[in-house]
1. Search segment A:208-231 for residues that are free of Cβ contacts under 8 Å to residues at least 60 places away in the same chain and pair each with any residue that is part of a loop (DSSP other than H, G, I, E, B) when their beta-carbon atoms are under 6 Å apart and the residues are at least 6 apart or on different chains.
2. Whether any residue in segment A:44-61 is more than 7 Å from every other protein chain (Cβ to nearest Cβ), outside any helix (DSSP H, G or I) and modelled with pLDDT of 90 or more is what I want to check.
3. Tally up the residues in segment B:62-78 that are under 13 Å from residue A:35 (Cα atoms) and surrounded by fewer than 18 Cβ atoms within 10 Å (Cβ to Cβ), please.
4. I need the full set of residues from segment B:355-380 which are under 13 Å from residue B:229 (Cβ atoms) and in contact (Cβ under 8 Å) with a residue 24 or more places away in the chain, in order please.
5. Residue B:29: touching a helix residue (DSSP H, G or I) at 6+ places or on another chain (Cβ under 8 Å), crowded, with 20+ Cβ neighbours inside 10 Å and either at negative phi or at the interface with chain A (Cβ under 9 Å from one of its Cβ atoms) (or both), yes or no?
6. Restricting the search to segment B:127-147, which residues are within 13 Å of chain A (Cβ to nearest Cβ) and either outside any loop (DSSP other than H, G, I, E, B) or in contact with a strand residue (DSSP E or B) (Cβ under 6 Å, 6 or more places away or on another chain) (or both)?
7. Kindly provide the set of residues from segment B:90-122 that are in contact with a helix residue (DSSP H, G or I) (Cβ under 8 Å, 6 or more places away or on another chain) and assigned to a loop (DSSP other than H, G, I, E, B), ordered by number.
8. Taking the condition surrounded by 15 or more Cβ atoms within 10 Å (Cβ to Cβ), away from chain A (no Cβ under 14 Å), within 15 Å of residue B:193 (Cα to Cα) and touching a helix residue (DSSP H, G or I) at 6+ places or on another chain (Cβ under 6 Å), does residue B:329 pass?
């Protein structure tokens with residue numbers, strides 16, 4: 001008994017100290033020149049020894065800001081870093097690298113517009129991303145057409161505009177990327193609840209000889225999500241595992257599988273899946289959720305860190321555009337505050353309407369006990385055309 | 001196959017957008033608005049400053065205290081012009097470092113003795129050219145008990161004042177946050193690099209001397225004959241050709257310095273370094289026997305092109321900032337020219353005073369040129385064979 005109390009006390013003290021540290025900026029008083037003040041994030045995008053090359057590239061770029069090759073090289077690297085770390089500042093640097101071309105610059109190379117749209121999408125500026133892509137695709141001769149159409153299809157899907165997404169998917173196939181066009185259509189079909197047709201299409205594509213691992217993982221994840229929405233848990237589990245076996249570094253598949261496992265009340269496995277990941281906000285949120293479910297000692301610390309990160313991020317008034325989903329999920333499943341979760345989820349679905357967003361919205365509506373909110377959620381799911389057994393069960 | 005590869009990248013990017021989120025780049029500004037005084041504290045993330053002005057000088061991914069300490073003047077020179085409180089000229093009174101949840105921040109403490117009747121207008125352009133998603137989060141507090149006001153500052157285009165009108169650094173009064181005194185402003189860091197480079201770049205100096213040695217003399221005797229030199233009567237007879245030769249050399253090496261810095265043309269050092277040695281030998285030989293069919297101005301220009309590539313060779317070691325790289329390069333070049341001008345003025349004055357001495361021709365022109373030929377030849381061998389005999 002006593003030792004438990006002491007443990008709790010000690011834990012509380014550590015937690016308190018941690019929160020105080022995170023909240024307050026503490027002065028640094030270095031004594032020696034070789035003392036390390038800050039460590040720049042180490043990423044695959046910046047392998048050791050590449051920093052000098054990157055600096056020289058930035059210098060060249062500063063002299064020739066309209067050299068598209070230089071600009072795109074930097075932008076690509078910065079965006080990859082933003083993805084890897086979940087840190088939007090690097091997406092901002094990618095935008096700066098291609099900043100020499102204005103939005104309405106008719107001479108902007110097609111690849112520059114495509115890069116801008118991709119960064120805008122990362123920053124959840126979906127309308128802006130779609131507008132940039134449409135400007136690009138309205139040009140007469142466009143390099144990279146299938147790529148641009150595929151990006152547009154994805155943006156429209158995230159916005160819950162499946163019909164627009166379909167027509168973009170068809171252009172992907174028409175532009176010569178048949179497999180990607182077909183997978184794109186299959187995913188939309190699955191979202192509409194045409195599970196059998198979509199499953200057959202995806203399985204057909206998976207039988208393509210010499211598929212790249214990344215593409216295989218993408219198709220398998222799409223299949224796993226389809227089975228998850230259809231309530232076929234074993235098939236979903238198997239597809240997620242196969243996806244991660246094909247490409248263990250697929251961050252999206254890893255997060256989606258963790259969500260599945262948490263939903264299945266298998267937190268220990270969820271924690272194992274998340275373990276190798278960079279502690280981005282999305283990963284930390286799942287660690288807190290799974291940890292709470294499993295009752296681990298680490299759970300409270302993870303939740304406290306997430307709470308602190310949200311507080312710091314919200315110092316910026318527009319933070320919820322980028323963080324809306326994670327903040328709603330945290331309020332709903334970790335803080336157990338359905339009223340707050342509902343407000344956040346409602347704000348989030350104004351721009352992001354993937355199944356997870358609607359699921360969080362529906363769950364918050366149900367738990368808050370507001371009949372009007374449930375009807376709103378139902379109306380939105382109908383408007384989008386999403387068929388998801390999990391959402392349906394809640395409404 | 002090509003299309004699919006490109007697509008795969010997009011797929012990886014597209015599908016992973018769904019769930020990631022993290023704190024964006026924010027700077028924090030705390031303003032205390034008093035009756036006769038405005039105090040402002042500005043916290044900027046070191047990793048953001050690194051992107052703008054390269055703090056991690058050795059590219060090892062770790063920002064050490066030594067790197068920050070030497071970078072303070074550059075941090076101040078970069079940040080201060082990018083914040084204006086309208087009606088309140090800001091002075092730097094101290095600086096420090098602090099740790100936040102997402103890394104270390106530089107803290108700048110600023111002050112202004114100004115009276116604000118209304119809410120101050122803030123003009124902000126920090127990191128505009130590095131990360132357009134950066135924001136300044138400003139919290140204004142009032143001594144008269146008004147409730148605090150929060151502002152979100154979006155980097156906008158700002159007329160940057162010229163470096164000379166930057167607020168000067170003053171000694172710090174705050175021992176808590178400030179860990180080091182603001183260094184006496186080293187504003188023209190790259191200018192000084194330029195001066196240092198020409199004064200310690202002995203090969204460039206020797207080449208210049210070879211061109212200048214006969215400048216106080218007039219050449220008599222036609223092509224093909226051994227040169228005979230006569231002293232000039234007036235200083236102007238020496239100065240005009242000197243200006244011509246030095247200008248030609250300057251224009252030429254500025255061109256190649258710029259071209260090489262922009263990496264439009266890259267020549268290997270293994271070619272440039274011996275070539276510079278060769279220009280010394282040839283220029284000195286020309287003092288003894290005229291070997292060039294063209295005027296010395298043209299020779300100075302042609303050889304200047306080669307020397308410019310030599311200057312560019314040290315650029316990589318200089319750690320010029322990415323932001324405003326062109327300006328830093330210009331500063332470096334102006335430094336070179338100033339150093340060169342000093343050498344020219346001193347040398348020509350000295351030579352002019354000595355020109356009537358009986359042994360001037362024998363000792364200075366002939367002896368100097370022979371010595372230059374010897375040194376240039378030794379350098380040439382050293383640089384071709386990659387060995388070292390001479391101390392420099």
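1. A:213/A:247; A:214/A:247; A:217/A:247; A:217/A:250
2. Among the residues of segment A:44-61, not one is more than 7 Å from every other protein chain (Cβ to nearest Cβ), outside any helix (DSSP H, G or I) and modelled with pLDDT of 90 or more, which makes the answer no.
3. Of the residues in that region, 3 qualify.
4. B:355, B:356, B:360, B:361, B:364, B:365, B:366, B:368, B:369
5. Details: touching a helix residue (DSSP H, G or I) at 6+ places or on another chain (Cβ under 8 Å): no; crowded, with 20+ Cβ neighbours inside 10 Å: yes; either at negative phi or at the interface with chain A (Cβ under 9 Å from one of its Cβ atoms) (or both): yes.
Spelling it out, it is not the case that residue B:29 is touching a helix residue (DSSP H, G or I) at 6+ places or on another chain (Cβ under 8 Å), crowded, with 20+ Cβ neighbours inside 10 Å and either at negative phi or at the interface with chain A (Cβ under 9 Å from one of its Cβ atoms) (or both).
6. B:135, B:136, B:137, B:138, B:139
7. B:90, B:101, B:102
8. No, not satisfied.
The values are calculated or read from the model by the stated rules, or taken from the named source; none is laboratory data. Keep in mind that this is a model prediction, so the values were computed, not measured. Cβ: placed from backbone, ideal geometry, glycine included. Neighbour counts: every protein chain shown.
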